[in-house]
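See structure below.
Read-outs: derived from the displayed coordinates by stated rules, not from any lab. These numbers were taken from a predicted model, which means no experiment stands behind them. Here the Cβ positions follow ideal geometry from the backbone for every residue, glycine too, while neighbour counts run over all protein chains shown.
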Amino acid sequence: MQLDFSPAFARYEAIAAEADAAFAKVSEMCPDFVSCGAGCSDCCHALFDLTFIEALYLNHQFNKAFPSGPARDAVIERANKADRDAAKLKRKAFRAGEEGVSTRDILESMSRERIRCPLLGDDERCVLYPFRPVTCRLYGVPLEISGEARTCGNTGFAPGERYPTVKIEKLQDRLVALSQEVVSALPTRLPLLGEMLVPVSFALATDFDNDYLGILTEDDMVQIPEGPAPQPQRQPQMQPLQATLGASAPSSDCGSCGQTAGSSACASCGGSTSWVLPGPDGAPSDKED
């Protein structure tokens with residue numbers, strides 16, 4: 001069965017565009033503090049996972065840009081190395097948990113670890129930059145994560161000061177919702193695929209074919225009754241993705257941030273936009289309503 005994910009990809013690209021707009025808005029408001037530029041690769045060593053739709057999209061773009069050959073092999077080799085490094089960190093985190101280290105402290109420690117992204121080329125530039133994940137698009141401006149504001153240490157944003165902050169978790173929630181919509185539209189035996197979170201290395205090296213997606217075959221979908229009086233069975237029909245994946249509605253969680261309702265800035269805000277970055281002691285952020 002040939003699957004067409006282009007409608008879902010279009011919706012994902014719209015969310016990515018909102019992330020770009022939010023980054024541009026903060027950059028416009030704080031031009032002296034955002035230090036992102038060509039050749040800066042700090043965000044390319046951060047640990048984060050992709051939602052199912054992001055993994056599917058990145059894999060699709062990677063396969064288009066890198067057909068079989070030495071260039072593709074080099075990326076896959078870097079992906080395998082990143083997987084090995086991540087596995088070591090996960091074992092380290094597991095041991096820390098068994099020793100009684102708090103989850104918060106473990107996550108703090110993990111956030112300071114650096115693993116080189118397999119998409120980072122020898123020139124310190126992303127080889128799939130136009131198609132980079134949402135997390136990459138927002139790295140470099142203050143982000144609200146688990147109720148606290150955080151940002152790249154290379155920026156000019158000072159701890160203890162109040163800055164416009166992007167609520168990245170709201171965008172991630174929409175990515176999870178879109179992922180679950182995509183999976184619910186598939187004739188799959190793996191309905192929890194939409195909840196998967198995977199690193200970039202996994203997304204690049206995985207073949208998201210019908211077997212991986214658990215797509216049911218005709219034999220799977222034909223039910224053979226056990227009773228003496230068989231009833232005719234109808235094979236379930238898969239709804240076209242175009243029909244099942246409608247346009248996403250603007251968030252109704254609006255505050256007094258001053259953004260135009262329904263705009264990309266509004267959608268990525270969700271209410272309060274100004275947060276205080278934690279100081280050196282890691283004190284929680286103070287949200288302004």
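Rank-order 83-96, 177-190 by packing density, defined as the average count of other C-beta atoms within 10 Å over each peptide's residues, highest first.
Values: 83-96: 13.1, 177-190: 18.4.
Most protected by this proxy first, the peptides run 177-190, 83-96.
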* In nm, spacing of pseudo-spin labels at Arg125 and Ser41 (7 Å Cα→C-beta vector) -> 1.2
* Asked: Using modelled amide H (1.01 Å from N, peptide plane; none on Pro or chain starts), what sits under 5 Å from the amide H of Ile145, excluding residues fewer than 5 places away?
  -> Arg150
* Overall Cα dimensions of the range 124-221 - principal axes, largest extent first, Å -> 62, 31, 17
* Rg and Dmax of the range 1-156, Cα atoms, in Å? -> 17.3, 52
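Would you mind estimating how fast the range 1-92 diffuses translationally, via Stokes-Einstein at 10 °C and 1.306 mPa s with the Kirkwood radius over Cα pairs, in µm²/s? Intermediate results must be reported in sequence, preceding the final value.
Values: Rh = 16.4 Å.
The estimated diffusion coefficient comes to 97 µm²/s.
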* Asked: Full extension from Arg114 to Ala158: what is 0.36 nm times the residue separation minus their Cα-Cα distance, to one decimal in nm?
  -> 13.6 nm
* What distance in nm separates the simple spin-label points at Ser27 and Glu218, each placed 7 Å from Cα in the Cβ direction? -> 5.2
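Place the peptides 43-56, 111-124 in order of packing, highest mean first, counting for every residue the other Cβ atoms within 10 Å and averaging per peptide.
Working: 43-56: 20.4, 111-124: 15.6.
Top of the packing list down: 43-56, 111-124.
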* Would you grab the residues whose amide H sits under 5 Å from the one on Glu161? Only those 5+ places off in sequence or on another chain, please, with H modelled 1.01 Å from N. => Leu277
